[in-house]
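Here is the structure we will look at.
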Amino acid sequence: MRSLVAILFTAILAWIAGIWLPWWSVAVAAVIVALILPQSPGKAWLSGFLGILILWAVAALVVNLRNESVLAPKMAAILPLQGSVGLLILITALIGALAGGMGALTASLFLRFSKKI
């Protein structure tokens, strides 16, 4: 249950931060959530990863649908994706998810290390 709450809060906080801050603010959002809702390092990484993965996949899909799928096929054709828009959205979401997962993992390991001191 704590993991689901962490996934939801990570996505919400990253979405709010993304309005004003650069793309890497997703890692900061994951750090904040992992500090507020402590979990084991593996669960923290997974929560940060899934929260941002879902957020960025939905955001990329919404942007693609709002511009009537004009830009994504062109970007997928430029990149070595054989024009696959779905693969472009997946890669986009994975890049953000890795940043979120690493941010949450860093916070979790920091909490674990600070308890030992």
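In the chain, helices alone account for a calculated mean residue ellipticity at 222 nm of -28500 deg cm²/dmol, with every DSSP H run of four or more residues adding -39,500 (n - 2.57).
Given a Förster radius of 22 Å and the C-beta distance between LEU4 and LEU35 as r, what FRET efficiency does 1/(1 + (r/R0)^6) yield to the nearest 0.05?
Details: r = 18 Å, r/R0 = 0.81.
E between LEU4 and LEU35, to the nearest 0.05, is 0.75.
By the gyration tensor of its Cα atoms, with a ≥ b ≥ c the square roots of the eigenvalues, what is the shape of segment 25-89: rounded for a/c under 1.5, prolate for a/b over b/c, or oblate? Judged from the Cα gyration tensor, segment 25-89 comes out prolate (a/c at least 1.5, a/b above b/c). Relative contact order, whole percent, for the chain stands at 38, derived from Cα pairs under 8 Å and 6 or more residues apart. Per-residue extension of 0.36 nm, minus the Cα-Cα distance of LEU71 and LYS116, leaves a gain of 11.2 nm for this segment.
Filter the chain for me: DSSP H helices, axial length by Cα at least 18 angstrom, mean Kyte-Doolittle hydropathy not below -1.0. List them by residue number. Before the final figure, lay out each step's value.
On the way: long enough: 2-20 (28 Å, 1.86); 41-66 (37 Å, 1.43); 85-116 (47 Å, 1.48).
Passing helices, by number: 2-20, 41-66, 85-116.
If packing is taken as the average count of other Cβ atoms within 10 Å, what order do 52-65, 27-40, 72-85, 97-110 fall into, highest mean first? Walk me through the intermediate numbers first.
Numbers: 52-65: 18.3, 27-40: 20.9, 72-85: 14.1, 97-110: 22.5.
Result, highest mean Cβ count within 10 Å first: 97-110, 27-40, 52-65, 72-85.
Going through (i) 1.02; (ii) 1.07; (iii) 0.95, the figure that equals Rg/Rh (Cα atoms, Kirkwood Rh) as computed for the structure here is (ii).
No value in this document is a laboratory result; all are computed from the given coordinates. Owing to the predicted nature of the structure, the values given are computational and were not obtained by experimental measurement. Don't worry about glycine lacking a Cβ; one is built from the backbone with ideal geometry, like all the others, and counts go over all protein chains shown.
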